[in-house]
Amino acid sequence: LMAIMWTFIFTVVDTLHPGSFNIPQGQDIQDTQHFIYYSFVTLTTLGYGDITPVTKLARSFSTLEAVMGQLYLVVQVAWLVGVHVSQSMLKNYRQDE
């Protein structure tokens, strides 16, 4: 869902500022599939490099998406660890009684 939101943002950026992204020759810049692909590659910080941001605005949004992708992962892992630790502590507490 987050990647789809960023796809919309990148589409708007490129519509308002044409040429914000460098897309390989012979491909239609207005094709939303390119921005879906770019969004998932950026969100996961995979970064193939075939589509690149050119303008400062496009670079800023791309950086923000990459940071948000990493923060999402960190928060989810921390939450899972917290649940595991609290369940272990509860189990130990019940055994001590």
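The values are calculated or read from the model by the stated rules, or taken from the named source; none is laboratory data. As the structure is a computational prediction, the values presented were derived from the model and not from experiment. Glycine gets a Cβ as well: all are built from the backbone with ideal geometry, and neighbour counts include every protein chain shown.
Would you mind finding the one in Leu16, Leu57 that is farther than 19 Å from Leu1 by Cα and either exposed (fewer than 10 other Cβ atoms within 10 Å of the Cβ) or of a type in the set (Phe, Trp, Tyr) (or both)?
The conditions single out Leu16.
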Take region 20-39 and flag every residue that is over 10 Å from Asp50 (Cβ atoms), modelled with pLDDT of 90 or more and of a type outside the set (Val, Ile, Thr). Ser20, Phe21, Phe35, Ser39
Checking Thr45 against (1) part of a helix (DSSP H, G or I); (2) in contact with a helix residue (DSSP H, G or I) (Cβ under 8 Å, 6 or more places away or on another chain), which test does it fail? (1)
Anything in region 1-52 that is farther than 15 Å from Leu64 by Cβ and among the polar types (S, T, N, Q)? List them, or say none. Thr11, Thr15, Asn22, Gln25, Gln27, Gln30, Thr32, Gln33, Thr52
Cβ pairs under 6 Å, 6+ apart, first in region 52-72 and within 25 Å of Gln25 (Cβ to Cβ), second in a helix (DSSP H, G or I) and of a type in the set (D, E, K, R): Pro53/Arg59
